[in-house]
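The values are calculated or read from the model by the stated rules, or taken from the named source; none is laboratory data. Since the structure is predicted, the reported quantities are computational estimates derived from the model, not experimental observations. Please note: Cβ atoms are built from the backbone with ideal geometry, for glycine as well, and neighbour counts cover all protein chains shown.
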Amino acid sequence: MTGSVDEFSLYVLDIVMNSVRAGASKIDVKLFEDGEYLTFTVTDNGCGMTKEQVEKLTDPFFTTRKTRAVGLGVPFLKMLSEQTGGSLAIQSISDEDSKTDHGTTLKAVFGRNHIDFLPMGNLPETLISLIQGSPEIDFTFYHRLSGGGEVRLSCAELKQVLGDQVSLADFEILSWIRGYLDEAYEEANL
Amino acid sequence: MKSIEELMAIKEKMQSKVSLRNSDAGELRVVVGMATCGIAAGARPVLNAFVEGVNEAGLSDKVMVTQTGCIGICQYEPVVEVYEEGKDKITYVKMTADKAKEVIERHLKGGKPIAEYTIGAATK
C-alpha cells in the first residue's frame, strides 16, 4: 500500500475486505509458510468476476466502485509479491456464469526472507476487524507457521456454540476470540 | 488456553443481558471507512480503539460501531462518521486511536462534537 504500511496483516485485511464486499457468506483465509515462501490464499463464495474483470484486476486504474476512480488493493499485493520473487493468480466464476458455484480464489506467493517483504504484523487484530464488521460471514482462518505450528479459527464452529442470539461482534465474544488467537499464536510460535 | 466452556459462560451471561437492554441501542452510529485508502492510512487501530473504547465507557447499549468502504475522500483517511438521529452527520478526518478516545469521551459520552477534528476544520 503506501510507504507507511509496514505490516503484511494489513494487506490481508484489505484483500479479504474485497471478498466481504463481493457479498460472500463464506471466506477461507490461508497463510502457509513453507521454507522461504509464504502462500496467502483467499477463497470466497461471493459474486465473483467476469473474465474481463479478472484480466483488468491488476490494473490500478480499473475499479467497479463509484466513489473513486482507482482500485489499489490487488495491484499493491501483486507488486509486493513480485518484488519478493513471488507471484499472484486469481480465479473467479461470476454469478452471471454460475448461479451455484460462483466465487473467487486469490493466491499470492511471497519470498518470506526477501528484503522487501514485511513483518507479519498483528493478524489477530486483522481477524477481529473482519469479524467485527461482518459477524454474519463464516470466516475460516488457517495459518501454518514456518516452525510447523498452526493457528485455526472457524466462525461457523463458534456460531454453533453461541447459537442465534449472540453475535460474534459483541464485545465479550470479540475479546474471547482475541484471547484465543493470542494464545494460539503464542503456542504455535513455541 | 481459552476454552469453549468459557465461551459458553459468556453466552449465558450475554443472553441474560439481552433482555435487560434498554431501547437506546443504536442511538448513535459510528462508521469507520475500511477500504484500501482507510486501511493504508491507519483505520484498523482507529476501528479497534472505538470498539474497545465504547465498551470501556459503558456505551455499548447506546453506540453501534460499524464499517464501510471508500467514501471518496481518500486524502482525509482514516475517516469516521458519527450519525445521531435528528442531528447532522459529523465527519471526523485523519483520525488516530488517540483521537478516537477523545471523540468517545467528549462527543459520544459528552454530547459535544470536536470541531477541530472534523472535515470542516481540515478544509479551511
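Across region A:19-45, the number of residues qualifying as within 14 Å of chain B (Cβ to nearest Cβ), surrounded by fewer than 23 Cβ atoms within 10 Å (Cβ to Cβ) and within 14 Å of the chain's Cα centre (by Cα) comes to 3.
Hey, any hits in region A:112-130 for a residue that's without any contact (Cβ under 8 Å) to a residue 24 or more places away in the chain and either within 14 Å of another protein chain (Cβ to nearest Cβ) or under 23 Å from A:LEU153 (Cβ atoms) (or both)? If you could, list the steps in order and put the result at the bottom.
Looking only at region A:112-130, we keep the residues that are without any contact (Cβ under 8 Å) to a residue 24 or more places away in the chain, and these are A:115.
Next cut, either within 14 Å of another protein chain (Cβ to nearest Cβ) or under 23 Å from A:LEU153 (Cβ atoms) (or both) only: none.
There is no residue in region A:112-130 that is without any contact (Cβ under 8 Å) to a residue 24 or more places away in the chain and either within 14 Å of another protein chain (Cβ to nearest Cβ) or under 23 Å from A:LEU153 (Cβ atoms) (or both).
Note on region A:116-170: residues that are more than 28 Å from A:LYS78 (Cβ to Cβ) and among the basic types (Lys, Arg) amount to 1. Going through region A:36-80 one residue at a time, which ones are acidic (Asp, Glu), more than 23 Å from A:LYS26 (Cβ to Cβ) and modelled with pLDDT of 90 or more? Passing the criteria: only A:GLU36.
Per-residue answers, yes or no, for (1) closer than 23 Å to A:GLY48 by Cβ; (2) assigned to a strand (DSSP E or B); (3) in contact with a Pro (Cβ under 6 Å, 6 or more places away or on another chain):
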{"residue": "A:PHE110", "(1), (2), (3)": "no, yes, no"}
{"residue": "A:GLY121", "(1), (2), (3)": "no, no, no"}
{"residue": "A:PHE139", "(1), (2), (3)": "yes, yes, no"}
{"residue": "A:GLY147", "(1), (2), (3)": "no, no, no"}
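Within region B:97-114, can you find the residues that are of a type in the set (A, V, I, L, M, F, W, C), buried (at least 17 other Cβ atoms within 10 Å of the Cβ) and touching a strand residue (DSSP E or B) at 6+ places or on another chain (Cβ under 9 Å)?
The initial filter retains those residues of region B:97-114 that are of a type in the set (A, V, I, L, M, F, W, C), namely B:97, B:100, B:103-104, B:108, B:114.
Retained after the next criterion (residues that are buried (at least 17 other Cβ atoms within 10 Å of the Cβ)): B:97, B:100, B:103-104, B:108.
Of everything in region B:97-114, those that are of a type in the set (A, V, I, L, M, F, W, C), buried (at least 17 other Cβ atoms within 10 Å of the Cβ) and touching a strand residue (DSSP E or B) at 6+ places or on another chain (Cβ under 9 Å) turn out to be B:ALA100, B:VAL103, B:ILE104, B:LEU108.
Determine whether region A:155-165 contains at least one residue that is under 19 Å from A:VAL42 (Cβ atoms), crowded, with 21+ Cβ neighbours inside 10 Å and within 12 Å of chain B (Cβ to nearest Cβ). No; the residues of region A:155-165 include none that is under 19 Å from A:VAL42 (Cβ atoms), crowded, with 21+ Cβ neighbours inside 10 Å and within 12 Å of chain B (Cβ to nearest Cβ).
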